[in-house]
Structure formats: C-alpha cells, structure tokens
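Encoded as structure tokens, the structure appears first; notes follow it.
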Amino acid sequence: MIPAFLSLSGTSLSADERALFAAADPAGYILFKRNIDTPEQVRALTDALRELSGNPRLPILIDQEGGRVARLRAPHWPEFPPPAVFGLVWEKAPLTAMAAARANAQALGAMLTALGITVDCLPLLDVTTPEMHAVIGDRSYGSDPLTVASLGRATLDGLKAGSCVGVVKHIPGHGRATLDSHLALPVVDAPADTLEADLMPFERLNDAPMAMTAHIIYTAWDAERCATLSTRVIGDIIRGRCGFDGLLMSDDLGMQALAGQPGCDTLAGRAKGVIAAGCDIALHCSGDFAEMAAIAEALDPIGAPAAARLERAMTWADVPSTATVEELAQLRDALLADANV
C-alpha cells in the first residue's frame, strides 16, 4: 500500500486506472463532481474500488461541506447549508446551533454512507479574520475560536453518528491567509502568540480521526516551507502543540501554493516531500493518469505508524446510523427555524 489518496477521471474505472490501482494499492480515493452521476452509479463505483482493493474499510473521501462546496447535488441529492449558517444561530442560541449542526452532519454522514463513501472532508476549523480570503468565506463557522471548536465538535459527532469519518481542516488554520492556496502560496506573518487563537479549535478537537494540512507559510514557525512541507510545523505545532495523533493528510498536491516550494517542481516530488515532512498521506485530486502513475512510482510503501493511524481512523465511525437523511434534515430545519435562520 502506498501512502496516497488518489482520484480517477470519470464515473467508472478505466482499464488503465484499474491496472494502476491494483499494482500501486493506494491507501484510499477521493471523489469529485466528474465522478458523480446517479446514486446507483456512485454506489457501483465505490463497490468497484473496494473490490479492487480487497479492503472493506477502504477510505473513499469526498468534499461535501454544504453550500458552495458540495460534489453531490440536485436532482439526486438534497442541498445542505454552509457552515456559516450554524455560526449565525450560535450568536442567538448556542445549544440550538450545536444540535442543528450535529443533525446536519449526521444527515450528511447517512447520505454518504449509503453511497459507500466513508470519509467527509469536514469540519473546517478555520477561524474567520478580517483579512481572510473569500475561498474560505461561509465555509467557516465564524470568528470566535470557541464557536468554531464547539460547532466543529458537533459536526464531528454528527458525522460519527452517521457512520462517516470526519476530517478537520485546514490545520493549523487558514483564516489569516489573504490568498487562495489553489492559485498561490499564502504567507501569514502573524506572531506566534496571535496564532494561538487559530490553533485553539484544533487543540480542542485533537482526537479527530483525520486532519488535512494547509498549504500556507507561517513565518512565526517556519519562514521557508509551508505547513504541509514543514517538519517543524508538523512535528512541533500539529503533533506537538495541538497534540493531534490522528491520520494527517496533505491538502491537494496539485495546488499552486506548492509550485515554488523546495523539491516541488513535479507532482512526484511534492508527494515525496509531504511524506518526508511528516504527513501520513499525500492527497492527489486531479485524476490525471500520468501524474498518478508518477506519484505511485515515487512513493515507498506506507510506514507502520501511518498504517496504524489509518486503521484507527477507519474504525472511528463504527456505529450504525439510526435515522434517515430526511428525518435528520427535518430536525435541522426545525431547529434553524426556531432560531429564525
């Protein structure tokens, strides 16, 4: 098994993808809109990936946050609100906000589980700041670290109740970045004591099963390498200061934030770099076959500590979901209505 989550090009496995994945044995996969058509098609695809791997606990990921970040959409799937909605409710009624966020996440989890998707890249624990780039925007629960931590916890608990694994992101915090890391490398010059507020939600949720790094330079901790590629940030801040001991994956290797970083002139170099820095898993999202083949060739087999974290993460949500998506969505909507949101 190689320490990578890969993707694929279409709604079913091509012959070349099947051969590559069988030989490389990636640790898991991530799905995007290009991989989605109907519920029956998605279930057939996840079944095929699981059969190919021989692993009934195979991680199959998706970004289904609600709002503008959702790969599953109408007419086959219901719409979910963006995280900021729950932050607005918190300002009026914190307990109602937590209950609504939990019901919402359980509905998400139940919907995904029925499709064979086992991991949702949610919740965002990025704390809003005035300078924050719009790429985060309403994907954040708000500007108060306690609010973010509390609603993040409710969301994580809801996903677990829906039999789905959650991923906290973007550790150690994307809220001070003024650039979109898909397009450029953000540099955050805030001093270490100011960054304490950004870290607090990740500290509070350091028992999460999985986390995703930020492609951001924090000059207070490492002025040369972004968090994803920094042994200092991963070792001292994420593993040390935050105390996170779950599965740590990189954000997408294809993002332009990595382009000018040392050793990152190729996708294979980026994959090797994030693993060398301390990430357990390199995430690659484009589905480009040549890139995936190069990454697979470059990576050594997954190490024992990373394999143990992966196994632990995939047993985290071993609880049966006891309510339907419709029932949970109705509960969420009733709670939001009570709070006039």
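The values are calculated or read from the model by the stated rules, or taken from the named source; none is laboratory data. For clarity, every value in this text was computed on a predicted model and none was experimentally measured. All Cβ positions, glycine included, derive from the backbone under ideal geometry; neighbour counts span all protein chains shown.
Things worth noting here:
- Taken over segment 219-240, the criterion of being surrounded by fewer than 20 Cβ atoms within 10 Å (Cβ to Cβ) and not in a loop (DSSP other than H, G, I, E, B) is satisfied by THR231, ARG232, GLY235, ASP236, ARG239, GLY240.
- Residue check, GLY243 among the small types (Gly, Ala, Ser), in a loop (DSSP other than H, G, I, E, B), exposed (fewer than 14 other Cβ atoms within 10 Å of the Cβ) and at pLDDT 95 or above: yes
- Condition check for GLY240: without any contact (Cβ under 8 Å) to a residue 12 or more places away in the chain and either under 21 Å from LEU125 (Cα atoms) or among the basic types (Lys, Arg) (or both): yes
- Within segment 101-145, restricting attention to residues that are hydroxyl-bearing (Ser, Thr, Tyr) and more than 14 Å from the chain's Cα centre (by Cα), the residue that is surrounded by the most Cβ atoms within 10 Å (Cβ to Cβ) is TYR141.
- So ALA304, is it out of contact with any Lys or Arg (no Cβ under 6 Å at 6 or more places or on another chain) and within 30 Å of PRO78 (Cβ to Cβ): no
- Count - residues of segment 199-218 that are outside any loop (DSSP other than H, G, I, E, B) and under 22 Å from LEU258 (Cα atoms): 6
- Number of the exception - VAL319 against (1) in contact (Cβ under 8 Å) with a residue 40 or more places away in the chain; (2) within 29 Å of ARG34 (Cα to Cα): (2)
- Of the residues making up segment 83-100, those that are of a type outside the set (A, V, I, L, M, F, W, C) and surrounded by fewer than 20 Cβ atoms within 10 Å (Cβ to Cβ) number 4.
- Selection status of THR194, part of a loop (DSSP other than H, G, I, E, B) and not charged (D, E, K, R): no
- Here the condition is being of a type outside the set (Asp, Glu), in contact with a His (Cβ under 8 Å, 6 or more places away or on another chain) and touching a residue at least 40 places away in the same chain (Cβ under 8 Å); of PRO39, PRO78, it holds for PRO39 alone.
- Scanning segment 286-309 for residues that are among the acidic types (Asp, Glu) and surrounded by 14 or more Cβ atoms within 10 Å (Cβ to Cβ) yields ASP288, GLU291.
- Residues (over 16 Å from ALA107 (Cβ atoms) and crowded, with 23+ Cβ neighbours inside 10 Å) located in segment 61-71: LEU61
- Looking across segment 317-341 at every residue that is of a type outside the set (A, V, I, L, M) and assigned to a loop (DSSP other than H, G, I, E, B), the one that is modelled with the lowest pLDDT is identified as SER321.
- Only one of the listed residues (LEU20, LEU58, LEU49) is crowded, with 17+ Cβ neighbours inside 10 Å, under 23 Å from ALA307 (Cβ atoms), more than 21 Å from the chain's Cα centre (by Cα) and of a type outside the set (Ser, Thr, Tyr). That residue is LEU20.
- Residue in segment 310-341 that is farthest from VAL85 (Cα to Cα), counting only those that are buried (at least 20 other Cβ atoms within 10 Å of the Cβ) and not hydrophobic (A, V, I, L, M, F, W, C): SER321
- Any hit, segment 175-191, residues being of a type in the set (Gly, Ala, Ser), in contact with an Asp or Glu (Cβ under 8 Å, 6 or more places away or on another chain) and not in a loop (DSSP other than H, G, I, E, B): no
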